[in-house]
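The values are calculated or read from the model by the stated rules, or taken from the named source; none is laboratory data. Since the structure is predicted, the reported quantities are computational estimates derived from the model, not experimental observations. As a convention, Cβ positions derive from the backbone with ideal geometry for all residues, glycine included, and neighbour counts pool all protein chains shown. Surface accessibility is based on the protein's heavy atoms, side chains included, excluding ligands, DNA and RNA. Shrake-Rupley method; radii C 1.70, N 1.55, O 1.52, S 1.80 Å.
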Amino acid sequence: MADGSSETKSSNQMWGGRFASGPDAIMEEINASIGFDKKLYAQDIRGSIAHATMLAHQGIISAEDKDKIVHGLDTILSEIDSGAFEFSRRLEDIHMNIEARLAALIGPAAGRLHTARSRNDQVALDFRLWVKEELQKTEKALTGLIAAFLDRAEEHAETVMPGFTHLQTAQPVTFGHHCMAYVEMFGRDRARVRHAIEHMDESPIGAAALAGTGFPIDRHMTAKALGFREPTRNSIDTVSDRDFALEFLSIAAIAATHLSRLAEEIVIWSTPQFGFIRLSDAFSTGSSIMPQKKNPDAAELVRAKTGRVNGSLVALLTVMKGLPLAYSKDMQEDKEQVFDAAESLELAIAAMTGMIRDVTIRADRMKAAAGSGYSTATDLADWLVREAGLPFRDAHHVTGRVVALAEQKGCDLAELPLAELQAINSAITDKVYGVLTVEASVASRTSFGGTAPSEVRKQIAWWRARN
């Protein structure tokens, strides 16, 4: 007896001290998914109701059993919503937890619910429904963020600021034009969301384990009941497909990257060195020891969450990359990545929408910076081409000499005397001063999609008609 006890103790130690029952406990720990897939309870119940209704309609189960099943599932939904439902790890996942409770509530009729389906197509349905609903929420959130930018763009269509390349002052633009750049970015994100909803709008239920079923089911009926365009067309692909989850994560990663770029600009612009914006107290914090500081914590956290979202995409791509058709248990690792990314993206969009609506724009600081770094040099070169007839490369060379002179004298281009400009190129006249101000520069950029206030307002109107 002592020998046996010693052997058992040694075995348990080999498997690890956390698992009191050796291999069985480890298997339960690694196999159970109820800790996270309970998030799918509403989708699971909705799918089961549609499936039971179809089975009764097709004469596969009786109408009486269908009514019992539907009533039982409604009861379970209420129990979970109220917090009264007890989830069991022993029952592995959300499907078995609900099925066991249904059996306790209505008896043998519960066993008929799983006719003509498998947990393989059941989980594919639940997860697809959840992702579709999350995409619809993301679409709405992005629409709100775009609206916030449109409001700020309209308010600041004429507010001059420096435009940057390489984070160096390049040419004057308007803050409204800069805002509209983010409208375009988040507009593309929203378009990707809409395309993803269209791609995934097919119902998996009825594919069963991988080969379909011999029961006379009506998959078009369940697809319509669940709000899908149509059923999937290949049962093997149906249960092994997680493209919809990967597409959600890729969309989330791109959107999070856009949010991170915006967050980076907010962090930079809110520094005393730039001073372009002032964040509201709602989206910033103070320092524990430096009372003068106002930290852009919300923007920094949005920037950081991009790493989590990107990690989720890479994780699921790695899970899926070597799986043979059809279903493999590896695919249980899909949900936590999507759930976490969805939560991070939802929070980041909400935070950024709030920041954009609340931020104070310091137009005076933007305007002062807009003329720095000889930002109207390109306007001088363009003027030399238009008015003096110089080839652009010659005009570029002349402008370079003018900039060098201004640097030497420590003044702006518009402050250089006409005589000194004419000493560099005799074709320059006093009319050149009309293009050397930042206001004149931005007003002249009237090409389609340009920074001129008139053009910015056209783009705002176009987007408002479509938002």
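Axis angle, to the nearest 10 degrees, between helix 453-464 and the longest C-alpha principal axis of the chain: 10 degrees.
Think of region 201-329 as having a plus end and a minus end, set by charges on the Cβ of Lys, Arg, Asp and Glu; of 299, 215, 228, 299 sits farthest toward the positive end of this dipole. Here the Karplus curve 6.51 cos²θ - 1.76 cosθ + 1.60, taken at θ = phi - 60°, turns the phi angles of region 268-273 into couplings of 5, 5, 7, 6, x, 5 Hz, with x standing for Gly and Pro. When the trypsin sites (Lys or Arg not before Pro) in region 303-346 are filtered for DSSP coil states and for at most 13 other beta-carbon atoms within 10 Å of their beta-carbon, the remaining sites are 321. When the charge dipole of the chain is built from unit charges on Cβ atoms (+1 for Lys and Arg, -1 for Asp and Glu) and taken about the Cα centre, the candidate among 71, 123, 424 whose Cα reaches farthest toward its positive end is 424.
The share of accessible area on the chain that comes from carbon and sulfur is 53 percent, using a 1.4 angstrom probe. Axis angle, to the nearest 10 degrees, between helix 377-388 and the longest C-alpha principal axis of the chain: 50 degrees.
Seen against the Cα atoms of the chain and their longest principal axis, helix 2-15 is set at about 30 degrees. About its Cα centre, the chain has a charge dipole of approximately 620 debye under the convention of +1 per Lys or Arg Cβ and -1 per Asp or Glu Cβ, with nothing else charged.
From the alpha carbon centroid of region 336-376 to that of region 196-210 is 38 Å. Karplus-based coupling profile of region 80-86, in residue order and whole Hz: 5, 4, 7, x, 7, 6, 9, with θ = phi - 60° in 6.51 cos²θ - 1.76 cosθ + 1.60 and x standing for Gly or Pro. FRET efficiency for the pair residue 218 and residue 458, taken as 1/(1 + (r/R0)^6) with r the Cβ-Cβ distance and R0 = 45 Å, rounds to 0.30. Taking Cβ atoms as reference points and 13 Å as the exclusive limit, the residues near residue 460 contribute a net charge of -1, counting Lys and Arg as +1 and Asp and Glu as -1. Spin-label model, residue 363/residue 165: points 7 Å from Cα along the beta carbon direction are separated by 2.9 nm. Let me have the 222 nm mean residue ellipticity of the chain computed from DSSP H runs of 4+ only, each contributing -39500 (n - 2.57), with the sum over all residues rounded to the nearest 500. After summing the helix terms and dividing by the residues of the chain, the value is -20500 deg cm²/dmol.
For residue 170, the residues whose amide H sits under 5 Å from its own are 163, 164, 165, ignoring neighbours fewer than 5 places away on the same chain, with H placed 1.01 Å from N. Taking every protein chain into account, the 1.4 Å probe leaves residue 387 with about 110 Å² of accessible area, to the nearest ten.
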